[in-house]
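Down below is the structure, laid out as structure tokens.
The values are calculated or read from the model by the stated rules, or taken from the named source; none is laboratory data. Source: prediction; values computed, not measured. As a convention, Cβ positions derive from the backbone with ideal geometry for all residues, glycine included, and neighbour counts pool all protein chains shown.
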């Protein structure tokens with residue numbers, strides 16, 4: 001397994017030197033990120049399966065902005081996104097139940113009612129409001145759009161570019177792939193004392209697999225021909241990136257459970273039963289036979305790991321320079337029978353346990369970064385996606401300050 | 001017959017496992033794994049492993065388009081419990097994840 005060609009890396013203008021840690025510890029840097037990046041980016045907040053039908057709604061937090069979003073599908077099936085803020089005295093319009101189906105919303109404070117398109121339709125005792133027009137006080141809107149069943153919002157109703165434009169080549173390269181047929185089968189959440197970029201960095205290379213995952217994944221991932229779990233390749237876009245993760249140790253002796261899961265259709269890393277033919281060109285573009293999955297990093301804070309018949313998504317929501325709320329979802333194909341349903345459990349359990357291995361290093365690392373022992377850290381070519389993300393954030397903030 | 005803890009007739013030998021392990025959903029199953037000793041988990045795993053092929057063949061005949069009857073649901077939950085403990089037995093040799101982020105801070109939502 002050869003290292004990545006250096007031309008690819010120098011071509012990206014990323015250099016090879018140590019990367020400063022200040023962006024991972026500085027409250028001022030985080031304040032700039034929140035203002036200039038998270039208020040001005042498309043961000044994933046939900047999956048289409050959470051609001052499939054007219055009248056469906058779901059409330060989702062935007063922790064970084066300290067506010068909630070109300071996603072609503074109107075009678076015509078059109079999706080809308082509104083701040084969950086009554087335009088009267090700013091109470092939450094939807095409280096308690098965060099998901100359901102309804103004909104409209106009523107604020108519990110003074111009974112202001114909104115329809116499924118966010119319009120203010122009734123104000124009790126309206127004549128007491130002078131120089132007041134209901135039309136001016138609909139729910140405040142965000143832009144909303146979907147991609148591969150993932151619902152994204154932009155904090156204002158008039159984004160400078162559409163979601164498709166924002167996704168750019170990623171859309172072209174991987175749309176229409178496995179993500180279209182998968183459904184969410186598990187969700188996890190953790191609040192972790194770590195910078196959002198350091199956190200994201202934990203999921204962007206194969207270098208750690210032989211160490212952090214020595215008990216869980218290493219046996220099936222690490223092979224004689226790829227002892228350091230080198231990646232198959234990386235695509236660096238203007239903002240986003242995709243990394244192809246290899247696994248498939250031919251000498252791995254399957255556990256009894258892996259044999260059961262294989263026999264009864266619990267999904268698998270690599271081609272599994274499905275092969276690679278159905279994959280869009282942007283996933284496993286090398287068509288490497290030992291491919292496991294691609295890590296698709298959608299800048300700034302969303303990542304989806306896409307395999308032949310499964311996916312995982314991560315949302316990293318920074319709430320301070322060294323604190324992040326992390327949402328995880330697993331997506332699998334719908335089982336045909338109840339033994340498949342059992343078998344599909346195994347991947348969920350194993351991923352959950354291995355994620356706990358991943359996350360456990362992050363708080364220690366953040367404490368040490370905060371202590372300022374190292375001002376910059378070296379990164380290998382296998383970790384080029386980390387280098388890329390730091391550069392994209394730096395460039396973004398520099399442009400914002402001009 | 002108490003359908004809350006009973007199994008299809010051909011799996012009645014596993015009935016004594018249902019109180020502890022026939023639980024609904026990943027969060028409950030993970031809690032059960034963490035509340036049992038490694039010896040207890042090993043015993044559960046071994047007894048289940050001997051029957052998993054038969055259990056899976058039985059469940060294979062039940063399409064997900066129909067909800068499970070109560071006794072079949074117990075069997076399904078036991079099989080899911082087997083999947084829950086499998087990494088503890090086969091990989092970690094520990095009910096919990098060694099060097100893992102604390103389970104109580106890693107929230108299983110659904």
If you take the residues of region A:122-141 that are part of a helix (DSSP H, G or I) and without any contact (Cβ under 8 Å) to a residue 12 or more places away in the chain, which of them is nearest to residue A:72 (Cα to Cα)? A:136
For region B:74-89, how many residues are within 18 Å of residue A:265 (Cβ to Cβ) and within 7 Å of chain A (Cβ to nearest Cβ)? 5
Criterion (modelled with pLDDT of 90 or more, buried (at least 19 other Cβ atoms within 10 Å of the Cβ) and either more than 9 Å from chain B (Cβ to nearest Cβ) or over 29 Å from residue B:54 (Cα atoms) (or both)) met by exactly one of A:247, A:282, A:267, A:307: A:307
Looking at region B:78-97, is at least one residue touching a strand residue (DSSP E or B) at 6+ places or on another chain (Cβ under 8 Å) and surrounded by fewer than 16 Cβ atoms within 10 Å (Cβ to Cβ)? no
Any idea which of A:203, A:152, A:199, A:105 is within 14 Å of chain B (Cβ to nearest Cβ) and not in a loop (DSSP other than H, G, I, E, B)? A:199
Selected residue (criterion: farthest from the other protein chains (Cβ to nearest Cβ)) from residues of region B:90-110 that are in contact (Cβ under 8 Å) with a residue 60 or more places away in the chain and under 17 Å from the mean Cα position of the chain (by Cα): B:95
Subset of region B:50-73, residues buried (at least 16 other Cβ atoms within 10 Å of the Cβ) and at the interface with another protein chain (Cβ under 7 Å from one of its Cβ atoms), comes to B:52, B:56, B:59, B:60, B:62, B:68
Matching option when the condition is at the interface with another protein chain (Cβ under 9 Å from one of its Cβ atoms), crowded, with 20+ Cβ neighbours inside 10 Å, under 29 Å from residue A:219 (Cα atoms) and in contact with a helix residue (DSSP H, G or I) (Cβ under 6 Å, 6 or more places away or on another chain), among A:340, A:357: A:357
Of the residues that make up region A:101-121, is at least one surrounded by 14 or more Cβ atoms within 10 Å (Cβ to Cβ), touching a residue at least 60 places away in the same chain (Cβ under 8 Å) and out of contact with any strand residue (DSSP E or B) (no Cβ under 9 Å at 6 or more places or on another chain)? no
